[in-house]
Amino acid sequence: MSCLLAATIRLPFLLFFGAFLFSCGVYGVLARRNAVLVLMSIELMLNAVNVNLVAFSGYFRQLTGQIFALFVITVAAAEIGIGLAIIILIYRNRETINVDEISLLKW
Amino acid sequence: MVVGVVGGFAALRLVTSRNVVHAALYLVVTLAMVGGTYLLVAAEFLAWVQVLIYVGAIVVLLLFSLMLTKAPIGRDTLDNQQRGIAALVGAGVLAGLVFLIQDAFAGKRVILQPVRTAQVGTAIFRDFVLPFEVVSVLLLAALIGAVVIARKDESPGAPPERRVPLIGREERVAR
């Protein structure tokens with residue numbers, strides 16, 4: 001237990017992990033057509049933000065980052081509930097959930 | 001390190017796989033690895049919250065919606081034509097972030113200090129009570145909103161569905 005207490009971890013590792021997750025999320029949002037996959041990529045980006053928050057919470061020895069990550073998780077849950085409800089409604093009406101075919105609000 | 005590599009690989013497969021169900025399962029792996037990262041930074045409560053809410057609830061929700069909306073399989077139906085530009089943007093974001101992180105935080109180390117759940121609870125209910133309540137109202141609003149949006153509205157022209165109440169059905173059959 002004492003060796004666990006004294007252990008350190010390199011901060012850039014955590015930040016690189018977060019950055020990589022965020023880039024994957026950006027690529028997914030831009031490249032996917034299926035709306036559910038776009039939502040998954042958004043979840044990936046939110047998780048990257050959470051990793052950064054927790055890493056800096058450990059780095060600055062403050063708990064605020066973890067509390068903030070908890071709130072981000074909660075809001076992400078609300079967002080995905082609403083998003084899936086909208087997707088299912090769109091599928092029921094238009095028989096497709098490809099985001100480039102749902103162009104009713106465009107122009 | 002291992003956790004980071006596995007999580008990164010799963011994230012990469014998540015955004016490139018051709019099967020939506022495989023993508024959802026890669027999402028499970030990625031989220032579990034993020035939870036493992038939380039454990040590594042000694043944020044224990046957050047790690048279990050991550051496993052419970054993301055792996056337990058959100059992925060199941062996503063799988064349900066994948067099953068409800070029949071999703072085609074194949075690269076051309078899942079990805080659009082801007083794939084190259086998207087890869088460029090993603091690589092650009094990654095390069096910029098890596099440069100910034102390397103510039104600002106190279107060599108810094110996190111001294112691990114286990115955070116107990118009691119500390120998290122004290123912090124929430126002492127310093128963050130108002131955001132906590134606001135977020136609970138937000139969750140309630142999202143719940144009601146999701147039910148209202150996804151509900152099947154009955155058209156007025158259709159004949160009303162005749163519902164046989166569950167209680168008393170046996171007596172009716174017997175008569």
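The values are calculated or read from the model by the stated rules, or taken from the named source; none is laboratory data. Values in this document were obtained by computation on a predicted structure and should not be read as measured data. Cβ atoms come from the backbone with ideal geometry, glycine included; neighbour counts cover every protein chain shown.
Miscellaneous remarks
- The residues of the stretch B:91-120 that are in contact (Cβ under 8 Å) with a residue 40 or more places away in the chain and farther than 25 Å from A:Phe22 by Cα, listed by number, are B:Gln113, B:Pro114, B:Val115, B:Arg116, B:Thr117, B:Val120.
- Being in a helix (DSSP H, G or I) and at pLDDT below 80 is a description that applies to B:Ala11.
- Here the condition is being part of a helix (DSSP H, G or I), within 9 Å of chain A (Cβ to nearest Cβ), in contact with a helix residue (DSSP H, G or I) (Cβ under 9 Å, 6 or more places away or on another chain) and at pLDDT below 85; of B:Ala86, B:Ala91, it holds for B:Ala86 alone.
- Candidates B:Leu31, B:Leu68, B:Leu46, filtered to the one that is at pLDDT 85 or above, under 23 Å from A:Ile86 (Cβ atoms), within 9 Å of chain A (Cβ to nearest Cβ) and within 19 Å of the chain's Cα centre (by Cα): B:Leu31
- A:Arg61 surrounded by fewer than 23 Cβ atoms within 10 Å (Cβ to Cβ) and out of contact with any helix residue (DSSP H, G or I) (no Cβ under 9 Å at 6 or more places or on another chain): yes
- Residue check for A:Ile90: surrounded by fewer than 24 Cβ atoms within 10 Å (Cβ to Cβ), touching a residue at least 12 places away in the same chain (Cβ under 8 Å) and more than 15 Å from the chain's Cα centre (by Cα): yes
- Residue in the stretch A:19-36 that is closer than 18 Å to B:Phe64 by Cβ and within 7 Å of chain B (Cβ to nearest Cβ) present: yes
- Among residues of the stretch B:44-62 that are within 12 Å of B:Met33 (Cα to Cα), those with a Cβ under 9 angstrom from a residue that is of a type outside the set (A, V, I, L, M) and modelled with pLDDT of 90 or more, sequence gap 6+ or separate chain, pair up as B:Gln50/A:Asn47; B:Gln50/A:Asn50; B:Tyr54/A:Glu43; B:Tyr54/A:Asn47.
- Selection of the stretch A:58-100 for residues being among the charged types (D, E, K, R) and either closer than 16 Å to B:Tyr54 by Cα or assigned to a loop (DSSP other than H, G, I, E, B) (or both) yields A:Arg61, A:Glu79, A:Glu95, A:Asp100.
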